[in-house]
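The values are calculated or read from the model by the stated rules, or taken from the named source; none is laboratory data. This is a predicted model, so every value here is computed, not measured. Cβ sites come from the backbone with ideal geometry, for glycine too, and all protein chains shown count toward neighbours. To get the accessible areas, we keep the full protein, side chains included, count just its heavy atoms, and leave off ligands, DNA and RNA. Shrake-Rupley method; radii C 1.70, N 1.55, O 1.52, S 1.80 Å.
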Amino acid sequence: PTDINTNFSYNARSFRTWQFVDNMTFDFSPHVIKAGVNFRLGRSTDDRSGVAGGAIELAFNFSRTVNNNFAFPTALPTGTAINSADRTRLESMINDMLGRVGTITQAYVNDPNNPGSFAAPGTRWLFEAKHPELDFYVQDTWKMRPNFTVDLGVRWEMRLAPTAAGSRPILVPDKNITLGSAPANNIRWVEGKLFKNEYGLILPSVGFAWDPFGTGKTSIRANYRMASDRFGTFLFSSAIFQNTPGNTALGSNTTYGASGGLLRNGLPSVAPSSSPATLSTPPAFSGNSLNVIDPNLKFPKIHNWTFGFQREVLGGNVIEVNYVGKKATNLFGSYNVNQVNLNGTLPGTGETFLQAFNAIRANAGYNSPLINQLFTGSSTNNNGTARFRLLNGTAITQGSAATLALAASQKTCVAAEVALGLCAASGQRVLDVWGFGSFFQPFSQYTGGLFVTDSNDFSFYNGLEISFKRRMKKGLSFQVGYTWALSKDSRSFDPVFTTVATGTGQAAGNTPFDNSNRKANYAWSDFDRRHSLLGTYVYELPFGKGKPFGSETTPVIKYIISGWQIAGTMRVTSGRPFTVFSGLNTLSQTAGSFANCSGCTRNMGSLIQADFDNPGSGLRNWWFDAAARARFSQPNPGEAGNSGRNFFLTPAYAETDISLLRKFRFTEHMNFDLRVDVRNLTNTPNFAGPSAVLPAGFTQSGNVFGTSIFGRINADLANANRRIQFSGKFSF
């Protein structure tokens with residue numbers, strides 16, 4: 001057939017690297033000089049059929065809400081004559097059977113050979129970018145004395161911004177859209193560089209190794225090293241290049257379906273009505289969101305310092321003590337530059353938005369001069385406050401000030417308001433009518449979120465490591481290590497794959513809650529575990545040939561009992577941090593605020609069984625008992641919550657695994673391996689973190705407390721139960 005669709009739907013990404021490495025060594029004893037270069041010329045290719053929130057193939061559905069005229073010659077039953085769920089199923093079935101078209105969509109990409117127009121329907125998005133890196137180093141290993149060696153080195157790295165490798169250019173905003181920039185509603189995307197090249201990354205390294213007794217059994221080492229890191233290129237290809245305004249567009253048609261359109265009559269074109277050049281300047285107002293790169297982006301810098309002591313003891317065993325410190329700056333991060341402003345005011349109104357919100361919340365009869373001004377242009381026109389109350393009455397009651405601020409920022413006029421003379425036309429943004437477009441958010445083209453990826457995050461780590469190693473001796477070898485560590489950062493969540501985590505999940509705690517105070521997010525890392533005890537061992541059972549027991553038995557029995565070995569691992573760690581969210585947006589619309597907690601300590605959680613959520617229904621696992629739960633409450637509007645990010649700790653973790661194995665050798669080339677592996681030998685349950693979001697309206701007493709699942713673990717585990725696996729392998 002000639003109509004087979006060969007344009008398969010898939011998204012693919014490839015990365016090719018040409019690398020030139022050359023190292024040289026010059027022996028000028030007692031100096032040994034090493035130098036080298038490392039040139040990495042990367043080239044990424046992004047090949048997509050899914051762009052602009054749709055697909056390049058024509059797609060349609062039979063939506064009952066779009067094609068919703070079910071009058072027919074005889075109208076469908078109404079009211080209680082038919083169950084509402086059954087009516088929904090019936091309407092969907094009618095549209096499916098008759099081919100009543102709902103929404104039609106098709107994504108388009110711009111034509112690189114003719115930038116003013118879109119390419120033919122079905123054209124894939126193909127973007128190629130270069131990612132060059134140029135590194136140089138020189139190092140001197142100086143043996144000052146037979147038992148004392150010093151290392152001195154330096155790296156010079158040139159980290160360059162990606163550049164377009166194909167015919168499509170990289171597009172960037174024509175205005176600065178970082179925090180503190182002048183508000184704008186006419187940002188245009190033009191050809192340019194994502195960020196500046198860094199040519200001056202000078203990274204020193206210095207260290208020494210000392211054998212104080214000259215016996216080769218003791219070593220004292222110390223080192224300081226400064227390093228850099230590269231950016232994950234996936235962020236640019238997935239979140240930046242293909243989403244740039246003017247590069248792609250989604251054509252959509254609901255008019256055909258709303259007028260009763262049928263599939264058998266054919267489908268209309270859904271090509272975008274605007275050209276790429278027009279779309280490169282988005283409308284002055286939308287509820288859309290977009291990811292952009294800070295033009296002042298810097299590459300990460302890591303300071304690493306270590307001090308270690310190693311000593312051979314007890315005939316070949318080794319004890320080792322190391323201190324490790326790390327400080328990282330210019331780490332990858334993202335924030336919403338369109339975080340709503342709760343403290344804005346207007347001349348003559350005498351109140352900020354937050355003050356107005358609290359007054360409206362406390363007094364059902366209060367009329368706010370500020371809200372009146374924003375919504376009607378007059379501080380005395382009480383229709384403004386009335387319109388504001390209708391935006392989200394529940395959020396007002398709960399105290400979600402940021403939720404209301406966003407709703408006010410995105411409020412558009414409806415026909416009834418036009419009839420009352422409050423607006424000039426339906427669909428117009430209310431704030432724009434009265435000239436207050438940037439009151440809540442500085443960039444109204446993307447009020448849903450303008451997420452800026454920058455390099456302003458930081459971290460700090462301190463760790464003390466103690467280990468004891470026994471080499472194989474008398475059939476036994478083992479290694480056991482204990483680490484005391486403290487890791488803190490302003491963000492643990494990697495923004496490469498999802499630029500900003502929103503809502504009330506654990507990752508959302510990494511999102512800046514207050515753009516003007518990014519340091520407020522500095523707390524224990526998501527992966528911080530204060531204590532860790534890890535061990536491995538191998539033990540050859542003392543039976544059979546050459547062993548203390550059974551060496552004098554018959555050859556058959558000796559063959560069967562010889563060569564058995566036990567190996568295992570052990571892991572015991574303290575709990576990791578987690579965040580308790582209030583469930584409300586009291587400060588930021590991007591992520592929920594933290595819960596308040598009165599007199600709480602980090603380790604106040606413990607595993608208990610209770611029926612808090614449904615008294616009398618049976619016991620469940622909980623992490624916070626009744627007394628602990630009573631300490632929690634929700635913050636006031638404008639507050640972030642006093643418990644902060646990652647204040648609490650999940651249950652500790654303990655698990656041991658063991659294996660029994662034996663190799664039966666028949667000939668030089670034939671053998672059989674038999675093994676038994678047991679995971680979680682002691683069948684110890686390790687519980688996951690508890691539910692950490694307060695329900696809306698949570699109080700220290702009252703009915704909500706009795707039905708809340710806050711603090712419940714239930715049966716959620718971080719490991720599996722005991723598993724025993726038998727396996728065999730015959731090799732020949």
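Looking at the range 111-152 only, could you name the residues that are of a type in the set (D, E, K, R) and assigned to a strand (DSSP E or B)? Don't jump to the end; show me each part of the working.
Going through the range 111-152, the residues of a type in the set (D, E, K, R) turn out to be 111, 124, 128, 130, 133, 135, 140, 143, 145, 151.
ASP111, GLU128, LYS130, GLU133, ASP135, ASP140, LYS143, ARG145, ASP151 - these are the residues of the range 111-152 that are of a type in the set (D, E, K, R) and assigned to a strand (DSSP E or B).
If only one of TYR522, TYR482, TYR461 is among the aromatic types (Phe, Trp, Tyr) and surrounded by fewer than 16 Cβ atoms within 10 Å (Cβ to Cβ), which one is it?
TYR482
State whether the residues of the range 3-14 include one that is open to solvent by less than 90 Å² (accessible area, probe 1.4 Å), at pLDDT below 95 and within 22 Å of ARG159 (Cα to Cα).
Checked the range 3-14: at least one residue is open to solvent by less than 90 Å² (accessible area, probe 1.4 Å), at pLDDT below 95 and within 22 Å of ARG159 (Cα to Cα).
Could you run through the range 8-31 and say how many residues are among the hydrophobic types (A, V, I, L, M, F, W, C), within 30 Å of ARG48 (Cα to Cα) and in a strand (DSSP E or B)?
Total satisfying the criteria: 3.
Using beta carbons and a limit of 6 Å, which pairs, at least six apart or on different chains, have the first residue in the range 370-392 and in contact (Cβ under 8 Å) with a residue 24 or more places away in the chain and farther than 18 Å from ALA419 by Cα and the second one open to solvent by 10 Å² or more (accessible area, probe 1.4 Å) and of a type in the set (Phe, Trp, Tyr)?
Taking only residues 6 or more apart or on different chains, the pairs are LEU374/PHE436.
Starting from the range 421-439, take each residue that is farther than 13 Å from SER409 by Cβ and list its partners that are among the polar types (S, T, N, Q), counting only C-beta distances under 6 angstrom and pairs at least six apart or across chains.
That search, which allows pairs on different chains as well, returns GLY427/THR412.
Could you please find all residues in the range 691-726 being open to solvent by less than 40 Å² (accessible area, probe 1.4 Å) and either at pLDDT 90 or above or touching a Pro at 6+ places or on another chain (Cβ under 6 Å) (or both)?
SER708, GLY711, ILE713
Is there a residue being part of a strand (DSSP E or B) and among the aromatic types (Phe, Trp, Tyr) anywhere in the range 571-588?
yes
Report yes if some residue within the range 455-476 is acidic (Asp, Glu) and over 30 Å from SER238 (Cα atoms); otherwise report no.
Yes, because at least one residue in the range 455-476 is acidic (Asp, Glu) and over 30 Å from SER238 (Cα atoms).
Going through the range 49-106 one residue at a time, which ones are β-branched (Val, Ile, Thr), open to solvent by 80 Å² or more (accessible area, probe 1.4 Å) and assigned to a loop (DSSP other than H, G, I, E, B)? Working first, answer last.
Step one: of the range 49-106, the residues β-branched (Val, Ile, Thr) are 51, 56, 65-66, 74, 78, 80, 82, 88, 94, 101, 103-105.
The next check asks that each one be open to solvent by 80 Å² or more (accessible area, probe 1.4 Å); those that pass are 65, 74, 78, 80.
Hits for the range 49-106 are THR65, THR74, THR78.
Suppose we filter GLY503, GLY421, GLY437, GLY449 for residues that are of a type outside the set (Phe, Trp, Tyr) and touching a Pro at 6+ places or on another chain (Cβ under 9 Å); which single one remains?
Details: GLY503 fails: touching a Pro at 6+ places or on another chain (Cβ under 9 Å); GLY421 fails: touching a Pro at 6+ places or on another chain (Cβ under 9 Å); GLY449 fails: touching a Pro at 6+ places or on another chain (Cβ under 9 Å).
Of GLY503, GLY421, GLY437, GLY449, the one residue that is of a type outside the set (Phe, Trp, Tyr) and touching a Pro at 6+ places or on another chain (Cβ under 9 Å) is GLY437.
Only one of these conditions is not met by LYS143: (1) of a type in the set (Lys, Arg); (2) without any contact (Cβ under 8 Å) to a residue 40 or more places away in the chain; (3) open to solvent by 70 Å² or more (accessible area, probe 1.4 Å). Which number is it?
Unmet condition: (2).
Identify all residues within the range 433-442 that are at pLDDT below 95, at negative phi and open to solvent by 50 Å² or more (accessible area, probe 1.4 Å); write none if there are none.
Result: TRP434, single match.
Quick check on this structure: which one of VAL172, VAL138, VAL109 is within 20 Å of ILE293 (Cβ to Cβ) and hydrophobic (A, V, I, L, M, F, W, C)?
So the residue among VAL172, VAL138, VAL109 that is within 20 Å of ILE293 (Cβ to Cβ) and hydrophobic (A, V, I, L, M, F, W, C) is VAL172.
Find the residue count for the range 675-693, including only residues that are in contact with a Ser or Thr (Cβ under 9 Å, 6 or more places away or on another chain) and assigned to a strand (DSSP E or B).
6
So which residues in the range 640-672 are surrounded by fewer than 18 Cβ atoms within 10 Å (Cβ to Cβ), part of a loop (DSSP other than H, G, I, E, B) and not hydrophobic (A, V, I, L, M, F, W, C)?
ASN642, THR667, GLU668, HIS669
Within the range 489-508, does at least one residue satisfy the condition of being at pLDDT 95 or above and aromatic (Phe, Trp, Tyr)?
No, there is no match, as no residue in the range 489-508 is at pLDDT 95 or above and aromatic (Phe, Trp, Tyr).
When you check PHE527 against the structure, is it under 30 Å from GLY592 (Cβ atoms), in contact with a helix residue (DSSP H, G or I) (Cβ under 6 Å, 6 or more places away or on another chain) and open to solvent by 50 Å² or more (accessible area, probe 1.4 Å), yes or no?
No.
Within the set of pairs 6+ apart or on separate chains, which have a first residue in the range 504-517 that is surrounded by fewer than 17 Cβ atoms within 10 Å (Cβ to Cβ), a second that is not hydroxyl-bearing (Ser, Thr, Tyr), and C-beta atoms under 6 Å apart?
ASP514/ALA520
Which one is nearest to ARG230 (Cα to Cα), of the residues in the range 261-314 that are free of Cβ contacts under 8 Å to residues at least 24 places away in the same chain and among the small types (Gly, Ala, Ser)?
By that ranking, first place goes to SER273.
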